[in-house]
Ligand code: ADP
Ligand code: MG
Ligand code: MG
């Protein structure tokens with residue numbers, strides 16, 4: 001069962017219900033996007049998937065290839081093939097990008113098996129070339145003093161090196177400029193594969209011009225209220241969210 005399944009997920013922040021029964025299935029091989037008005041719970045969902053401690057799951061479950069993601073420790077989620085950009089420390093003073101990635105990859109190897117350093121650097125440089133990153137980034141400390149665009153490139157580089165089975169990218173609050181947007185798109189498009197699933201959380205239909213999603217979901221008030229294909233994103237860009245929210249509301 002190769003999919004990421006979110007089942008009837010309810011969650012509170014400080015005792016206030018934020019997620020009110022989220023249902024979603026992302027099969028490997030597909031790219032799904034979640035859009036929705038500000039405050040609808042999109043980032044809350046990604047933080048729960050990342051294991052953020054401020055969020056209390058009160059009902060429901062998340063299954064990754066049939067296993068409970070929420071029952072895993074955070075580093076276990078990553079080793080099991082789950083990737084969330086901000087799962088990783090924002091800054092790691094004194095630890096170079098290359099060493100950080102080597103350690104993360106080594107941690108996934110079976111006990112006693114050494115990461116092949118030559119192959120590692122070959123792959124790292126190929127990914128960096130694809131993202132048009134300067135080689136000097138390998139020796140710089142993780143995210144220390146990085147600009148917004150450099151951090152974004154680095155996130156995508158981490159994803160490309162860790163080769164997750166499922167990647168969740170929350171682009172809502174990152175103030176993406178057009179260059180950063182293209183970097184994200186390039187990384188995701190290069191990584192699209194039958195054995196990988198993506199969940200893209202975004203406020204911007206623009207991003208979906210560069211990454212064409214298989215499905216688009218709309219979140220409002222802690223639930224997915226409608227789903228469609230890429231045309232739904234275009235319609236939302238043109239007409240806003242009110243018509244979807246009105247259509248989903250019970251008649252009164
Ligand atoms: P979105 O990403 O869709 O804009 P969020 O998930 O960030 O929405 O927020 C959903 C709701 O939960 C908002 O009303 C927000 O104020 C509230 N919320 C989210 N995180 C916290 C938190 N850590 N503390 C208090 N309220 C929060
Ligand atoms: Mg927000
Ligand atoms: Mg958000």
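Looking at the structure I just gave you, is residue 133 part of a loop (DSSP other than H, G, I, E, B) and buried (at least 18 other Cβ atoms within 10 Å of the Cβ)?
Yes.
Search region 48-58 for residues being outside any strand (DSSP E or B) and within 15 Å of ligand 2 (Cβ to nearest atom), and hand back the single one that is farthest from residue 234 (Cα to Cα).
So the residue we want is 54.
Please verify whether region 190-199 includes one or more residues that are more than 15 Å from ligand 3 (Cβ to nearest atom), closer than 19 Å to residue 127 by Cα and in a helix (DSSP H, G or I).
Checked region 190-199: at least one residue is more than 15 Å from ligand 3 (Cβ to nearest atom), closer than 19 Å to residue 127 by Cα and in a helix (DSSP H, G or I).
Somewhere in region 145-157, is a residue modelled with pLDDT of 90 or more, crowded, with 18+ Cβ neighbours inside 10 Å and within 16 Å of ligand 2 (Cβ to nearest atom)?
No, region 145-157 contains no residue that is modelled with pLDDT of 90 or more, crowded, with 18+ Cβ neighbours inside 10 Å and within 16 Å of ligand 2 (Cβ to nearest atom).
So residue 14 fits all but one of (1) under 30 Å from residue 150 (Cβ atoms); (2) loosely packed, with under 15 Cβ neighbours inside 10 Å; what number is the exception?
(1)
Select, from 244, 218, the only residue that is closer than 25 Å to residue 83 by Cα, buried (at least 19 other Cβ atoms within 10 Å of the Cβ) and over 16 Å from the mean Cα position of the chain (by Cα).
218
Which number in (1) surrounded by fewer than 21 Cβ atoms within 10 Å (Cβ to Cβ); (2) touching a residue at least 24 places away in the same chain (Cβ under 8 Å); (3) in a helix (DSSP H, G or I); (4) out of contact with any helix residue (DSSP H, G or I) (no Cβ under 9 Å at 6 or more places or on another chain) marks the one condition that residue 45 misses?
Tallying (1) surrounded by fewer than 21 Cβ atoms within 10 Å (Cβ to Cβ); (2) touching a residue at least 24 places away in the same chain (Cβ under 8 Å); (3) in a helix (DSSP H, G or I); (4) out of contact with any helix residue (DSSP H, G or I) (no Cβ under 9 Å at 6 or more places or on another chain), residue 45 fails exactly one: (1).
Being touching a helix residue (DSSP H, G or I) at 6+ places or on another chain (Cβ under 9 Å) and either modelled with pLDDT under 95 or under 28 Å from residue 192 (Cα atoms) (or both) is the filter here; which residues of region 1-11 pass it?
Matches in region 1-11: 4, 6, 9.
Select from region 201-216 the residues that are assigned to a strand (DSSP E or B) and within 13 Å of ligand 1 (Cβ to nearest atom) and list them in ascending order.
201
Which one is surrounded by the most Cβ atoms within 10 Å (Cβ to Cβ), of the residues in region 59-84 that are part of a helix (DSSP H, G or I) and within 15 Å of the chain's Cα centre (by Cα)?
The selected residue is 77.
May I ask you to verify whether residue 219 is within 16 Å of ligand 1 (Cβ to nearest atom) and outside any loop (DSSP other than H, G, I, E, B)?
Criteria met by residue 219.
Any chance region 21-39 includes a residue that's more than 18 Å from the chain's Cα centre (by Cα) and at pLDDT 95 or above?
Yes: one or more hits.
Which condition does residue 204 not pass, out of (1) more than 16 Å from ligand 2 (Cβ to nearest atom); (2) farther than 24 Å from residue 129 by Cβ; (3) surrounded by fewer than 18 Cβ atoms within 10 Å (Cβ to Cβ), if it passes all the others?
For residue 204, the exception is condition (1).
Just one of the numbered conditions (1) within 14 Å of ligand 1 (Cβ to nearest atom); (2) farther than 22 Å from residue 207 by Cα; (3) in contact with a strand residue (DSSP E or B) (Cβ under 9 Å, 6 or more places away or on another chain) is not true of residue 52; which one?
Of the numbered conditions (1) within 14 Å of ligand 1 (Cβ to nearest atom); (2) farther than 22 Å from residue 207 by Cα; (3) in contact with a strand residue (DSSP E or B) (Cβ under 9 Å, 6 or more places away or on another chain), the odd one out for residue 52 is (3).
Just to verify a result, which residue in region 12-41, among those that are within 16 Å of ligand 2 (Cβ to nearest atom) and out of contact with any helix residue (DSSP H, G or I) (no Cβ under 9 Å at 6 or more places or on another chain), is nearest to residue 58 (Cα to Cα)?
My answer is 16.
Which of the residues spanning region 1-48 are under 20 Å from residue 244 (Cβ atoms) and within 8 Å of ligand 1 (Cβ to nearest atom)?
Selection gives 18, 36, 37, 38, 39, 40, 41, 42, 43, 44, 45.
Kindly indicate which of 218, 188 is in contact with a strand residue (DSSP E or B) (Cβ under 7 Å, 6 or more places away or on another chain) and within 16 Å of ligand 2 (Cβ to nearest atom).
The conditions single out 218.
The values are calculated or read from the model by the stated rules, or taken from the named source; none is laboratory data. Since this is a predicted model, take the numbers as computed values, not measurements. A quick note on method: Cβ atoms are made from the backbone with ideal geometry, for glycine too, and the neighbour counts reach across all protein chains shown.
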